[in-house]
Amino acid sequence: MPEGYKYNRVLLKLSGEALMGQNGYGIDPSVIDALAEEIKEVVNDGVQIAITVGGGNIFRGVAGSANGMDRAQADYIGMLATVMNALALQDGLQRHGVESRVQSAIEMHQVAETYIRLRAIRHMEKGRVVIFAAGTGNPYFTTDTTAALRACEIGADCMMKATKVDGIYTADPVKDPNAVKYDKVSYLEVLTKELNVMDAAAISLCKDNKMPLLVFDLTVHGNIRRALKGENVGTLVY
């Protein structure tokens with residue numbers, strides 16, 4: 001365990017929307033740079049990090065199917081959007097001196113490795129950041145479910161979901177000023193109270209495999225390190 005840290009190996013789930021910053025679409029290079037700098041600090045301290053990235057800043061499968069597109073086809077397009085985000089994130093990490101590998105659930109040898117669990121673990125053991133792209137390679141699964149699956153597969157100590165709010169609330173804090181933030185909440189409560197942290201499949205996967213989930217605010221600089229050190233950042237789902 002790296003000195004001063006609570007976790008040795010983590011899976012960081014980034015939404016595609018997190019990468020677009022204040023833009024309404026696409027990738028904001030300044031966000032990539034800020035993320036890369038924060039990740040570099042903790043990797044240099046010896047923390048092993050894998051990242052699952054969404055594609056909502058470019059294309060959402062659910063939105064595509066709502067507009068009449070075949071759901072499976074729309075989901076495949078969404079998976080390809082996650083590959084674009086993963087490559088952009090890899091470029092940012094490499095420019096900051098952080099060795100990284102993109103592993104895709106859909107084979108595309110020219111730009112990414114094919115996902116292999118033991119190879120991903122070996123990369124992390126060597127101090128490389130592994131970025132998982134293209135979801136699970138199957139339609140009808142969200143990137144949240146992908147993140148939960150990969151976290152369990154690589155033996156992560158915790159799954160960290162980076163959002164734009166500082167944790168989980170009893171209701172949507174934007175819509176309800178009386179919403180109260182949880183410091184800790186059980187997976188069962190998340191499901192029964194329909195707290196909309198992640199989809200039910202992802203929550204159930206974490207619950208069944210006793211994978212802790214930390215939901216925290218990515219927009220506050222330094223929160224990744226603080227969360228990894230076990231400081232009171234966000235909400236822990238246990």
Legend entry - So Gln22, is it assigned to a helix (DSSP H, G or I) and either surrounded by 15 or more Cβ atoms within 10 Å (Cβ to Cβ) or out of contact with any helix residue (DSSP H, G or I) (no Cβ under 8 Å at 6 or more places or on another chain) (or both): no
Legend entry - Filter result (in contact with a helix residue (DSSP H, G or I) (Cβ under 7 Å, 6 or more places away or on another chain) and surrounded by fewer than 21 Cβ atoms within 10 Å (Cβ to Cβ)) within the range 35-55: Glu38, Glu41
Inset, instruction - Under 9 Å between Cβ atoms, at least 6 apart or on separate chains: pull out the pairs that start in the range 3-19 with a residue that is under 15 Å from Ile51 (Cα atoms) and end on any residue that is among the aromatic types (Phe, Trp, Tyr) and part of a strand (DSSP E or B). - result: Leu11/Phe132
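Given the condition over 15 Å from Ile32 (Cβ atoms) and either among the charged types (D, E, K, R) or at pLDDT below 95 (or both), answer yes or no: does some residue in the range 97-106 qualify?
Scanning the range 97-106, I find at least one residue that is over 15 Å from Ile32 (Cβ atoms) and either among the charged types (D, E, K, R) or at pLDDT below 95 (or both), so the answer is yes.
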Inset, instruction - Give the range 80-121 a look and list any residue that's in contact (Cβ under 8 Å) with a residue 60 or more places away in the chain and over 22 Å from Val42 (Cα atoms), or say none. - result: Ala81, Thr82
Inset, instruction - Kindly provide the set of residues from the range 1-15 that are surrounded by 24 or more Cβ atoms within 10 Å (Cβ to Cβ) and not aliphatic (A, V, I, L, M), ordered by number. - result: Lys13
Inset, instruction - Take the range 122-137 and flag every residue that is under 21 Å from Lys40 (Cβ atoms) and in a loop (DSSP other than H, G, I, E, B). - result: Lys126, Gly127, Arg128
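From the list Thr114, Thr192, Thr146, Thr170, exactly one residue is out of contact with any helix residue (DSSP H, G or I) (no Cβ under 8 Å at 6 or more places or on another chain) and over 29 Å from Ala66 (Cβ atoms). Which is it? Explain how you work it out, then say what you get.
Values: Thr192 fails: over 29 Å from Ala66 (Cβ atoms); Thr146 fails: over 29 Å from Ala66 (Cβ atoms); Thr170 fails: over 29 Å from Ala66 (Cβ atoms).
Testing whether each residue is out of contact with any helix residue (DSSP H, G or I) (no Cβ under 8 Å at 6 or more places or on another chain) and over 29 Å from Ala66 (Cβ atoms) leaves just Thr114.
Do you know which residues across the range 49-75 are in a loop (DSSP other than H, G, I, E, B), over 17 Å from the mean Cα position of the chain (by Cα) and of a type outside the set (D, E, K, R)? Let's see the steps before the verdict.
Taking the range 49-75 first, the residues in a loop (DSSP other than H, G, I, E, B) are 54-60, 67-70.
Now narrow it down to the ones that are over 17 Å from the mean Cα position of the chain (by Cα): 67-70.
Residues satisfying the conditions are Asn67, Gly68, Met69.
One line per residue, one yes/no per condition, for (1) out of contact with any Leu (no Cβ under 6 Å at 6 or more places or on another chain); (2) modelled with pLDDT under 95:
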residue: Tyr25; (1), (2): yes, yes
residue: Asp28; (1), (2): yes, yes
residue: Glu38; (1), (2): yes, no
residue: Val43; (1), (2): yes, no
residue: Ile51; (1), (2): no, no
Inset, instruction - Spot the failing condition for Ala66; the list is (1) without any contact (Cβ under 8 Å) to a residue 40 or more places away in the chain; (2) in contact with a Pro (Cβ under 8 Å, 6 or more places away or on another chain); (3) among the aliphatic types (A, V, I, L, M), and only one is missed. - result: (2)
Inset, instruction - Inspect the range 108-119 for any residue being of a type in the set (Gly, Ala, Ser), within 21 Å of Ala18 (Cβ to Cβ) and modelled with pLDDT of 95 or more and give the result as yes or no. - result: yes
Inset, instruction - Take the residues in the range 66-92 that are polar (S, T, N, Q) and surrounded by fewer than 18 Cβ atoms within 10 Å (Cβ to Cβ), then tell me which one is modelled with the lowest pLDDT. - result: Asn67
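Out of all the residues in the range 120-137, which are more than 18 Å from Tyr76 (Cβ to Cβ) and either surrounded by 14 or more Cβ atoms within 10 Å (Cβ to Cβ) or within 18 Å of the chain's Cα centre (by Cα) (or both)?
Step one: list which residues in the range 120-137 are more than 18 Å from Tyr76 (Cβ to Cβ), which gives 120-131.
Those that are more than 18 Å from Tyr76 (Cβ to Cβ) and either surrounded by 14 or more Cβ atoms within 10 Å (Cβ to Cβ) or within 18 Å of the chain's Cα centre (by Cα) (or both): Ala120, Ile121, His123, Met124, Gly127, Arg128, Val129, Val130, Ile131.
The values are calculated or read from the model by the stated rules, or taken from the named source; none is laboratory data. Remember, it's a predicted structure, so these values are computed and weren't measured experimentally. Note that we place each Cβ from the backbone using ideal geometry, even for glycine, and neighbour counts take in every protein chain shown.
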